[in-house]
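Written below as structure tokens is the structure these notes are about.
Read-outs: derived from the displayed coordinates by stated rules, not from any lab. Quick caveat, the model's predicted, so the values are computed rather than measured. Neighbour counts run over all protein chains shown; Cβ positions are idealised from the backbone, glycine included.
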Amino acid sequence: MGNCCDRAASFFGPQKNTNVRVGLPAVCFVWQIAMVVLFGVFIRYDEESDTHWVEFRRENNITSDIENDFYFRYPSFQDVHVMIFVGFGFLMTFLKRYSYGGVGFNFLIAAFGLQWALLMQGWFHSLNPETGKITIGVESLINADFCCAGSLIAFGALLGKVSPVQTLVVALFGVTLFAVEEYIILDLLHCRDAGGSMVIHCFGGYYGLAISWVLYRPNLHLSKRFHGAVYHSDLFAMIGTLYLWMYWPSFNSAITDHGDGQHRTAINTYLALASSVLTTVAISSMSKKGGKLDMVHIQNATLAGGVAMGTAAEFMIQPYGALIVGFCVGIISTFGYLFVTPFLEKYLKLQDTCGVHNLHAVPGMLGGFIGAITAAAATEAVYGAEGLRNTFDFEGEFENRTPGTQGGFQAAGTCVNIWFILRFPIWADPGDDNCFDDEVYWELPEDEEIVPPVLEYNNHMIHKHQEM
Amino acid sequence: MGNCCDRAASFFGPQKNTNVRVGLPAVCFVWQIAMVVLFGVFIRYDEESDTHWVEFRRENNITSDIENDFYFRYPSFQDVHVMIFVGFGFLMTFLKRYSYGGVGFNFLIAAFGLQWALLMQGWFHSLNPETGKITIGVESLINADFCCAGSLIAFGALLGKVSPVQTLVVALFGVTLFAVEEYIILDLLHCRDAGGSMVIHCFGGYYGLAISWVLYRPNLHLSKRFHGAVYHSDLFAMIGTLYLWMYWPSFNSAITDHGDGQHRTAINTYLALASSVLTTVAISSMSKKGGKLDMVHIQNATLAGGVAMGTAAEFMIQPYGALIVGFCVGIISTFGYLFVTPFLEKYLKLQDTCGVHNLHAVPGMLGGFIGAITAAAATEAVYGAEGLRNTFDFEGEFENRTPGTQGGFQAAGTCVNIWFILRFPIWADPGDDNCFDDEVYWELPEDEEIVPPVLEYNNHMIHKHQEM
Amino acid sequence: MGNCCDRAASFFGPQKNTNVRVGLPAVCFVWQIAMVVLFGVFIRYDEESDTHWVEFRRENNITSDIENDFYFRYPSFQDVHVMIFVGFGFLMTFLKRYSYGGVGFNFLIAAFGLQWALLMQGWFHSLNPETGKITIGVESLINADFCCAGSLIAFGALLGKVSPVQTLVVALFGVTLFAVEEYIILDLLHCRDAGGSMVIHCFGGYYGLAISWVLYRPNLHLSKRFHGAVYHSDLFAMIGTLYLWMYWPSFNSAITDHGDGQHRTAINTYLALASSVLTTVAISSMSKKGGKLDMVHIQNATLAGGVAMGTAAEFMIQPYGALIVGFCVGIISTFGYLFVTPFLEKYLKLQDTCGVHNLHAVPGMLGGFIGAITAAAATEAVYGAEGLRNTFDFEGEFENRTPGTQGGFQAAGTCVNIWFILRFPIWADPGDDNCFDDEVYWELPEDEEIVPPVLEYNNHMIHKHQEM
């Protein structure tokens, strides 16, 4: 059987070496040691997490410990944390034989990514020029988790087709690019993007698609027997979906302004998500014989409302505005799964395992433009003079911006994301005939057979090929 | 085989049309558009989620953003949100072949229900007569989730026997009735019912049973091969159970008074739940050969303590009082699963898939009476003068109510729930022979066979019938 | 087959009686009634959860309800609660046929343990000598959950080998010993141990190992067919792992000082955990052919960073210090799974199902010493005069302690834990040939066969034995 397997593999291309016994430990050790050194040089506690807080409090007339930023943001931070590790992780367990890889590599990417993100974002946003230090607090942790999200979205497009070493490289470059792009959009263009429609979702989606395009596998059909779900793997994926769905209001509101800012953002996101569930169900049911629902749609497109509200959720888009956004992107995202993903694969050589194009790239881009429109439409009558200033941060050098100009910059920011298409080196990715298979990188328990044996399948493929 | 299947079906009754390809999308679209329009007309942000909060703060001498209601309630809101979607959703995955339906239709009902609830509850409780608007904040979101809970409980009784269109109808009527009943009990009778023993659980349970009675299926035994669990489906259900169990203190305390109110409610609920675990285990073990435990009991009756504390948790019932409540309802609920559910099915034609009668209806009703007794027993010595006033809201027109009178009204409120028995139109529900089967409404992956093939089973049934 | 089974069993030793139909209900009822009585005598609400809070607030010039301890600690409490029930519970579902037992008995132990913990910890730490009452609030609930954690860790070592009655006994003694040990370490020696490296993990680990040693089963290989995972049981276990991992920052910071204390603890724990993921992956990959990862390592050793930061997380260990701690214990813990567990089983007769020695006992002990070193190295220059006093609680009779002395006491405290080795009575544990099998204590659904039938296996064992 091994023989036959080999024959099949060599028939379609050179057999890939999937041994990562040297590469993976080396990368983990070296990079983690680098983190220790860089953290030693650069990273310290900020004034709210340092023991000097008691003096800081007195000096700034802060009446109570409860006004420490920790109490404003920690519950949201934990919700975001769950989204990153359980949400994204379990959403990627839907494949029948790549569930370990989905949740396990997600874990690995995020655990490395958040450390690197603290450094990269620190260098760009909060390096103190006097001390040469970056100080971190709970908001930094949230931002680091956000930054990982970009790479995890990209991983979604590559799921099952890359080696663990490659996933770490994806995270390294992803976090780096993220920090640059975020600096351009949020600092230079002074856009508002609390939930990261542009900065996180649009970026992550296109980053993943770009890599997927570079790594195009013409013979991926050789792994077709692994490329699907079984009954219980789809249920595991629903755990991921629901945690993403439920905690998305925390995701979008985690770093918005204290008070009404966080409050309003949570409400808008909650409503947009509810609305996209109904339109997703509607389109999914229309698309199948007998009106049956497709788990892929329910697992993914229901979340599009959260993605698309990432920019505008902080603004006074009004509850019905949020419902409209959810309504539209639910439809668009489901159509994406029905028509765009097959089209991309067939004509543009884009193999997008999780369909991040439909869930992140497109809704994220739309979210950017929705934010631009909402910003441009802002008036003092609706926001109040102070409210307008607070919401759009018209302070310092941006004091004299008008909502109209802000809208223009928001739109410009959205466009920046479409730049990021790139190539980079790759190692030890699996052959086309054992993609989507945990067997390659994980010790598996002996188990009931879930997939048809490789022998028969490959024989079958060979015969089919010979007939052609 | 299809032929044989048809024969079996036509033998026992006219074959049901389970095609929802027109009905489901139509309902989703039309209702969601209605939501958009109604939200546009009625719903706005309240003063704590509006950009004018900064002015409101100044005018009301609120010293810090942390006093925005968001920070009092948002962590509890998220816990409640998890209970609604993961708690109820996964609790209903226990059936071997209806797990998609359990978690998926739960998702659909709740996503629609919460929008409709914001409107219904708004019209009844917070419509501003001057502006004609309903203003919403985080407390409204919690109440909307609560309101959905009533319909989800009802869905538990119907699990596997209704079509997705019917579930949406159940939610539409359920939310409407809920809002009316809540208005009567909380506003007119001025009852206290923070965790909703009466308003949510008792109502939801009897509402579900009423529908189940209307929809009685004499030949449900034809779906018997699907009516049970497999090893891993029971584990998925335990996810639901544990999230409900852990977050129930947040459920009961989510909308109680700031400060000691939320604090005390959480403690009481925590204790009642712990206590009901032990008595559930005791009864479950006594009831089986060899003292084996039954997953159905562990998944459900352990939660009865939370249901039964819904009304009284806010009162000074004392920690030992909470333990006693949990002790008793754990026993009662487990006995319900052992004896009452089979009795109801056999003699009253009530088919209650999840046993909501034992987990919600009865413990909820008991919770109402426990609340009445605790209220009637309240004294100024225990509560303090101010504490008594705060806890029972003896203000405005209710200033002169005594605890005794309050107890009477609480008891009256509990009785109100027993009214709600009703009929309503139904479409596209599955035939008796394919209940509890995801095949009907979901695209299923090809998979290892979990259930005996329908062919053999139906053949067997036909022969059995012919022999009779 | 039953006959053959019996023969095999009697061949290797007297057949155990696994009937718990009398013992389990009796213990549950009697102990729960005892709880009710003892709570009635001793436990009341504290001033922050009592209706007199409104008066207390006024007397103590507390400006807002938000300063009620509930709002400082409740979100962390809920995270800890999830760790106890879902984290520990699902981590123990990895066995192919003992998942009900893992999550179910964990539920039972914790539900009883937390009640008993409120009493035991109350008697030792907060009994009011005047009133003879223990008053409880949200911090008591967290401490009760912590106290349960000790017994749940011990249960990890015993998983699959004890009866439910025994698990309750383990909890009864575990909680009692925990409270004594905690009193010695935290009160008498005045150690700081917020996240319980010493008090919880080191104690729990050695407590479990001690019991496992007492209960040594020479013929445990008879249950070998159940002693392993299947594909989906490992995924269920990953749910447990991720919840423990994500919420560990809340675990360690749940009862640290308001303000910077909670903030800093969360940051340090977050970083240590991230770091131990990478080194765990590195060692796991190095240890296997082809660099494949082992789920056992990923499920467990990634958590070692949280355990080892339990004591020092509150101190100014600095972000890079946290990374170093995680780096080292990730390696140590994974090596433990590779080499120490097999060694302990072979030479010391210690059967440690979940490997708590590697995840809790050793990292906990290391955490104690890391705390001692960090404390000894504390200076006023780094902490500030006030900060030093607050962090180490140098108040009252301990006013004149220096960091050096404190370090010595911390080290002494760690050593205290190594004392606890003990014996106690046991009932109704399963025979050696049906360990790790839910069949013994749970009603199981009819299901696809996951394990080879006992008949063949035992036949095979008998033949093998006879040949010897």
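Near A:ASP257, the amide H atoms lying under 5 Å from its own belong to A:GLN262; only residues 5 or more places off or on other chains count, and H is placed 1.01 Å from N. With contacts taken as Cα pairs under 8 Å at a separation of at least 6 residues, chain A carries a relative contact order of 23 percent. By the beta-carbon count within 10 Å of each Cβ, the least crowded to most crowded order of A:VAL180, C:VAL138, C:VAL199, A:VAL230, fewest first, is A:VAL180, A:VAL230, C:VAL138, C:VAL199.
For the segment A:287-299, counting C-beta atoms of other chains within 10 Å of every residue's C-beta and taking the mean gives 6. Taking the Cα centre of the protein assembly as shown as origin and assigning +1 to Lys and Arg Cβ atoms and -1 to Asp and Glu Cβ atoms, the resulting dipole is close to 4180 debye. Ordered by the number of other Cβ atoms lying within 10 Å of each residue's own Cβ, fewest first, C:PHE107, B:PHE203, A:PHE29 fall into the sequence A:PHE29, C:PHE107, B:PHE203. Here's how it looks for B:LEU293: its modeled amide H is under 5 Å from those of C:TRP442, C:GLU443, which are all 5 or more places away or on a different chain.
Ranking A:ALA385, C:ASN300, C:ALA313 by how far each Cα lies toward the positive end of the dipole of the protein assembly as shown (charges on Cβ) leaves C:ASN300 at the top. A simple packing score, the average count of other Cβ atoms within 10 Å per residue, orders the peptides C:116-129, C:376-389, A:184-197, B:68-81 as B:68-81, A:184-197, C:116-129, C:376-389, with the highest score first. For the protein assembly as shown, a/c is less than 1.5, where a ≥ b ≥ c are the root eigenvalues of the C-alpha gyration tensor. That puts it in the rounded class. Ordering of C:93-103, B:168-178 by packing is C:93-103, B:168-178, highest average first (other Cβ atoms within 10 Å, averaged per residue).
Between the amide H of A:TYR45 and those of A:ILE136, distances stay under 5 Å, these residues lying 5 or more places away or on another chain, with hydrogens modeled in the peptide plane.
Tell me whether region C:82-122 comes out rounded, prolate or oblate; compute the Cα gyration tensor, take square roots of the eigenvalues as a ≥ b ≥ c, and use a/c under 1.5 as the rounded threshold. It is prolate, given that a/c is not under 1.5 and a/b is the larger ratio. Name the helices (complete DSSP H segments) of chain C with a Cα length along the long axis of 27 Å or more and a Kyte-Doolittle mean of at least 1.6, or state none. Those that pass (Cα extent of 27 Å or more, hydropathy at least 1.6) are C:23-42. Classification of region C:141-248 by its C-alpha gyration tensor yields an oblate form. The axis ratio a/c (a ≥ b ≥ c) is 1.5 or more, and b/c is at least a/b. With the helix formula -39500 (n - 2.57) applied to DSSP H stretches of n ≥ 4, chain A reaches a computed 222 nm mean residue ellipticity of -18500 deg cm²/dmol.
Mean per-residue shielding of peptide C:324-330 is 2, counting Cβ atoms of other chains within 10 Å of each Cβ.
Under the simplified labelling scheme, the C:CYS415-B:LEU127 pair shows an inter-label distance of 7.6 nm, with each label point 7 Å from Cα along Cα→Cβ. Measuring r between the beta carbons of B:VAL382 and B:VAL180 and using R0 = 41 Å, the FRET efficiency lands at 0.75.
Cross-link partners for C:LYS161 among the lysines, with Cα-Cα distance under 18 Å and sequence neighbours closer than 8 places in the same chain left out: B:LYS292, C:LYS16, C:LYS96, C:LYS224, C:LYS346, C:LYS349. Look at the stretch A:108-115: the mean tally of other chain Cβ atoms within 10 Å of its residues' Cβ atoms is 5. Dipole magnitude for region A:151-238: about 520 debye, using +1 per Lys or Arg Cβ and -1 per Asp or Glu Cβ, origin at the Cα centre. For B:PHE398 and C:VAL41, a Förster radius of 35 Å and the Cβ-Cβ distance give a FRET efficiency of 0.45, rounded to the nearest 0.05. In a reduced charge model with +1 at each Lys and Arg Cβ and -1 at each Asp and Glu Cβ, chain C shows a dipole moment near 1660 debye about its Cα centre. Look at the dipole of region C:17-102 built from charges on Cβ: of C:GLY89, C:THR63, C:GLY101, the Cα furthest out on the positive end belongs to C:GLY101. Among C:SER253, C:SER140, B:SER276, a tally of other beta-carbon atoms within 10 Å of each Cβ gives an order, fewest to most, of C:SER140, C:SER253, B:SER276.
At full extension, B:HIS221 and B:LYS346 could sit 43.8 nm farther apart than now, given 0.36 nm per residue minus the alpha carbon distance.
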